[in-house]
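Only the coordinates and a few stated rules stand behind these numbers; no lab work does. All of these numbers come straight from a predicted model, not from anything done at the bench. Neighbour counts are summed over all protein chains in view; Cβ atoms, including those assigned to glycine, are modelled from backbone coordinates with ideal geometry.
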Amino acid sequence: MQNDIAEILVTEEQIQARVAELGRQISNDYRDKVAGEAGQSLLLVGLLRGAIVFLSDLMRAIDIPVQLDFIGISSYGLGTESGAVRLVMDLETDIAGRHVVIVEDIVDTGKTLSYLLGNLKARNPASLQICALLDKPDRRTVPIEIKYVGFEIPDKFVVGYGLDFAEGYRNLPFVGVLKEHLYKVVLMREAIL
Ligand code: 5GP
């Protein structure tokens, strides 16, 4: 698996240090907001499936009460180009009046989050912010305000720490660039079919 990686962009140590910082920042920003009423907590909404590794580390770096829910959005097939965005699994939680942070693995064109923000805002949360591990600002086609960003990265296709290619590589502990010939083969096969 590691032989398929051309270059490590973000090491395990860098990720751990940044996740700890983000956890502290989120805890401080929401401490007063969720302290008022008994049973109040910050709702972390993870985007399936890429965000789960980040989310599971991030939530343990947050020291205020949190709850979790998940939402499934389909934006990528086997290939690496953004396709149509659609909701494939909805939240179980009613987010009206709740403080919500969407936890995402990577923001690329911004289409996925733009769709999700519109969808969730209509449910009247008390507040709605985004926390993304990775940001590829050069690829943005839809402007998105991301309050918490782990790392800005160049326009390269990355895998690891939850991010996949054709459902593989999610368990790599770092973020790396996949060797180009590996995904070119799949893209060519998709184009033919
Ligand atoms: P957007 O809608 O912002 O273009 O795309 C966001 C989604 O595309 C992410 O949630 C992720 O699933 C996928 N994506 C974008 N760039 C990459 C990348 O470099 N590697 C992987 N594995 N997925 C990516």
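Some notes on this structure:
- Proxy reagent accessibility, fewest Cβ within 10 Å first, across Thr109, Thr11: Thr11, Thr109
- Of Ala61, Val19, Gln129, farthest towards positive along the dipole that unit charges on Lys, Arg, Asp, Glu beta carbons give the chain: Gln129
- One chain, two ends: Ala6 and Asn124. Fully extended at 0.36 nm per residue, the span grows by 38.1 nm beyond their Cα-Cα distance.
- Sequence-ordered 3J(HN,Hα) estimates for region 135-146 from the Karplus curve with 6.51, -1.76 and 1.60 and θ = phi - 60° stand at 9, 10, x, 5, 9, 5, 10, 10, x, 9, 8, 10 Hz, glycine and proline given as x.
- Look at Val142, Val53, Val88, Val66 and count the other Cβ atoms within 10 Å of each Cβ; fewest to most, that gives Val88, Val142, Val66, Val53.
- Computed over the chain, the Cα gyration tensor eigenvalues convert (square root of 5λ each) into semi-axes of 30, 19, 13 Å, ordered from largest to smallest.
- Inter-site label distance for Ala20 and Asp90 at 7 Å from Cα along Cβ, in nm: 4.1 nm
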